[in-house]
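Have a look at the structure below before the remarks.
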Amino acid sequence: ELRPEWDLLFFERILSESPNLGIIRQQLGGALIDGELKSPFVTLPVDSWSEFLASKSRNFRSQWNNSWNRLMKQGAVEFQFAGKEIGLKEAMHEVARLHRQRWGEKSNSFKTEKYLAFPDLLSRRLHEKGWLVLMLIAVNGEPVAARYDFCYGGKVWCIQGGWNDAYDHMRVGTILTGKVIEWAIDHGQSEYDFLGGDSDYKRRWSDGERVMVNVTFCNIQTWRGRVCHLLRCLVSLKGRIKKVIPKFLLSTIRKLRQVNAAH
């Protein structure tokens, strides 16, 4: 009954096995499903970090041990938890600083004070409930890497992180991820969910993946919805043509070569 009031619906990153996806598709006939995004995770059905590390490949363990040893040689290394060894606000600002230092213009996170105000508020609320996992690595008193994650529903959820580029060769990002996973194991969590996005570091840790999709529905009962639907169809057709034409040309070239060879 509200269809005359809207033109387009966009549902972002719904798990492909979610029961909501079937309901949405049933209610919105003709919805477009696109934008598949892998979501890696690592299961933690183990009793200790050492058992988990032993389950990884020899190459992974070798890289881990080498990175760990190089870091330990830098001086006094400390793993700090927000709300314990370091204040919440200070820890969040270190996350923002190290994230900007690592990713620069490639990321839109933590660019403004207004943006930063939200995680400042959220981290306090989550910490009160025991749902915040915000950990830093400090070397000789200086924070060099930070991870900002959530703990909820028996899982730890990967959110944001960053590190000082000067420590990149020591894989401080990998070490910090490992320490968070170690914390998760010690606290009886069943999984570390890397959320959406496929990357090398996620693949090195993960042992499974889920798939998320975007759902778009254009309301053809409004003129703007019809225009949107037409544009979506044109974009989809363009993508199909790009896939078909190279195959068609390749097939044609092969046939011409066969004809020339026959003559």
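The values are calculated or read from the model by the stated rules, or taken from the named source; none is laboratory data. Given the structure is predicted, the values throughout are model-derived calculations rather than measurements. Please note: Cβ atoms are built from the backbone with ideal geometry, for glycine as well, and neighbour counts cover all protein chains shown. What goes into the accessible areas is simple: the full protein's heavy atoms, side chains included, and nothing from ligands, DNA or RNA. Shrake-Rupley method; radii C 1.70, N 1.55, O 1.52, S 1.80 Å.
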inquiry  = If you count only protein heavy atoms and use a 1.4 Å probe, how large is the accessible surface of S39, to the nearest 10 Å²?
reply    = 0
query = Over the chain, what is the mean sequence separation of C-alpha contacts under 8 Å (at least six apart), divided by residue count, expressed as relative contact order in percent?
reply = 34
inquiry  = Please report the accessible area of C233 (heavy atoms, 1.4 Å probe, ligands and nucleic acids excluded) in Å², nearest 10.
reply    = 60
remark   = Quick calc: nm separation of the 7 Å Cα→Cβ label points for L231 and Q26 -> 3.2
remark   = Summing +1 per Lys or Arg and -1 per Asp or Glu among the other residues with Cβ less than 12 Å from G141's Cβ gives -3
ask   = If you take all C-alpha pairs in the chain, what percent of them are over 33 Å apart?
value = 40
task = Would you kindly derive the ³J(HN,Hα) couplings of the stretch 155-167 from the backbone phi angles with the Karplus curve 6.51 cos²θ - 1.76 cosθ + 1.60 (θ = phi - 60°), listing them in order in whole Hz, with x for Gly and Pro?
result = 9, 10, 10, 6, 10, 9, x, x, 7, 6, 4, 5, 9
query = If one computes P(r) from the Cα atoms of the stretch 1-130, what percent of pairs lie at distances over 19 Å?
reply = 75
note = By the C-alpha gyration tensor axes a ≥ b ≥ c (rounded if a/c is under 1.5, else prolate when a/b exceeds b/c, else oblate), the shape of the stretch 88-194 is oblate
query = Considering only the chain, what is the antiparallel percent among its DSSP beta bridges, to the nearest 5?
reply = 90
query = Can you give the accessible area per residue of the chain, in Å², using a 1.4 Å probe?
reply = 61
inquiry  = Over 32 Å between Cα atoms: which of K56/K155; K129/K202; K89/K155; K56/K114; K38/K84 fall into that group?
reply    = K56/K114; K38/K84
query = Whole-Hz Karplus ³J(HN,Hα) for the stretch 58-70, in order, using 6.51 cos²θ - 1.76 cosθ + 1.60 and θ = phi - 60°, x for Gly and Pro?
reply = 4, 5, 4, 5, 5, 4, 4, 5, 5, 5, 4, 5, 4
request  = Express in whole angstrom the spacing between the alpha-carbon centres of the stretch 6-26 and the stretch 222-237.
outcome  = 19
ask   = Once both axes come from the Cα atoms, what is the angle between helix 113-129 and the longest principal axis of the chain, in degrees from 0 to 90, rounded to 10?
value = 60
query = What percentage of the solvent-accessible surface of the chain, computed with a 1.4 Å probe over protein heavy atoms, is contributed by carbon and sulfur atoms?
reply = 54
